[in-house]
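What follows is a set of notes on a single structure, which appears directly below.
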Amino acid sequence: MIDPFVLRIEFFEGLVAIDEAIVERAAAEPCRECGGALHRGDHPRKPRGGLLAMAGEAFSRRFNLCCGQDGCRRRAMPPSVRFLGRRVYLGAVVILAATVSLAAATSAAATRTTGVPARTTRRWLRWWRGPLTASAPFVELSARLVPAPERQRIPQSLLERLADERPAAIAKLLAWLAPITTTSCPDGSRFLRAAM
């Protein structure tokens, strides 16, 4: 079903490098509100990797920016390829656990394989098939993948369509999903395009 060593430390080091490039590009721009300089204001996260990505739990800093102008101090959180919005699990785990859940015979088997509770993976599958399919990044990705991926098999059908080996396909999918990881940085995909 899956190779348990797919998400090694090197995989997450690559994602951190992409996130670093994104935050550097975002920090070079002025604050959207007042035009002041943006400074690093990273904050800790406690990411979960389940049984799929224990190595990723070591990379717990979410890169963030903060305006240095007195009276403004607005935050500008650039997109991330490691974290999928406010979810506690790493983005790669959200993808893999949902894929395993689709392929597993029972939810108990999926939980034993991934370490993610069945209730959580069911919620993620609803998100993959519902709100995600209405998002701009998904519409753009679907337009590039002709014919479009099967919605009932998302994210598995997306990974199959990206036609790379599993780690590279996961990284590509995380890059496509990065713009939805933040709301404080509109058009964050431009930072991602420059970093990739």
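No lab work stands behind these numbers, since they all come straight from the coordinates. Computed from a prediction, not measured in an experiment: that's the story for all the values here. Here the Cβ positions follow ideal geometry from the backbone for every residue, glycine too, while neighbour counts run over all protein chains shown.
Side notes on the structure shown:
- Separation in nanometres of the label points that stand 7 Å from Cα toward Cβ, at T183 and A28: 2.9
- Database remark: amide H of Y89 closer than 5 angstrom to the amide H of R48 (H placed geometrically; neighbours at sequence offset of 5 or more, or on other chains; Pro and chain starts carry no H).
- Here's the picture: charge each Lys and Arg Cβ at +1 and each Asp and Glu Cβ at -1 in the chain, and of S142, A53, P131 the one pushed furthest to the positive end of that dipole is P131.
- For the chain, with +1 on Lys and Arg beta carbons and -1 on Asp and Glu, the positive-most of F11, C31, L102 along the dipole: L102
- For L65, the residues 5 or more places off, or on other chains, whose built amide H falls under 5 Å of its own are G41, A76, M77.
- Each residue of the range 129-146 was assigned a 3J(HN,Hα) from its phi angle through the Karplus curve 6.51 cos²θ - 1.76 cosθ + 1.60 (θ = phi - 60°); the sequence is 8, x, x, 4, 5, 9, 7, 4, x, 5, 4, 5, 5, 4, 5, 7, 9, 9 Hz, with glycine and proline shown as x.
- For the chain, a crude dipole built from +1 on the beta carbon of Lys and Arg and -1 on the beta carbon of Asp and Glu, taken about the Cα centre, is about 780 debye to the nearest 20.
- Nearest-ten-degree value, helix 91-103 long axis tilted from longest Cα axis of the chain: 20
- Qualifying GluC sites (Glu not before Pro) for the range 1-61 [loop in DSSP, other Cβ within 10 Å: at most 15]: E33
- The chain: angle of helix 9-27 to the longest principal axis, Cα-based, in degrees nearest 10: 30
- The Cβ shell under 12 Å around R129 holds other residues with a net charge of +4, Lys and Arg each +1, Asp and Glu each -1.
- Computed from Cα atoms, the angle from the helix 166-177 axis to the main principal axis of the chain rounds to 50 degrees.
- Calculated FRET efficiency for the pair D70/S135, C-beta based, R₀ 45 Å, to 0.05: 0.80
- Label-point separation, V88 to Q152 (7 Å along Cα→Cβ), nm: 3.2
- Backbone phi angles across the range 78-90, fed through the Karplus curve with coefficients 6.51, -1.76 and 1.60 (θ = phi - 60°), yield HN-Hα couplings of x, x, 9, 9, 8, 10, 9, x, 8, 4, 6, 7, 4 Hz in residue order; Gly and Pro are listed as x.
- The chain shape via C-alpha gyration tensor axes, a/c threshold 1.5: prolate
- Net charge of neighbours whose Cβ lies under 14 Å from the Cβ of C31, counting Lys and Arg as +1 and Asp and Glu as -1: +2
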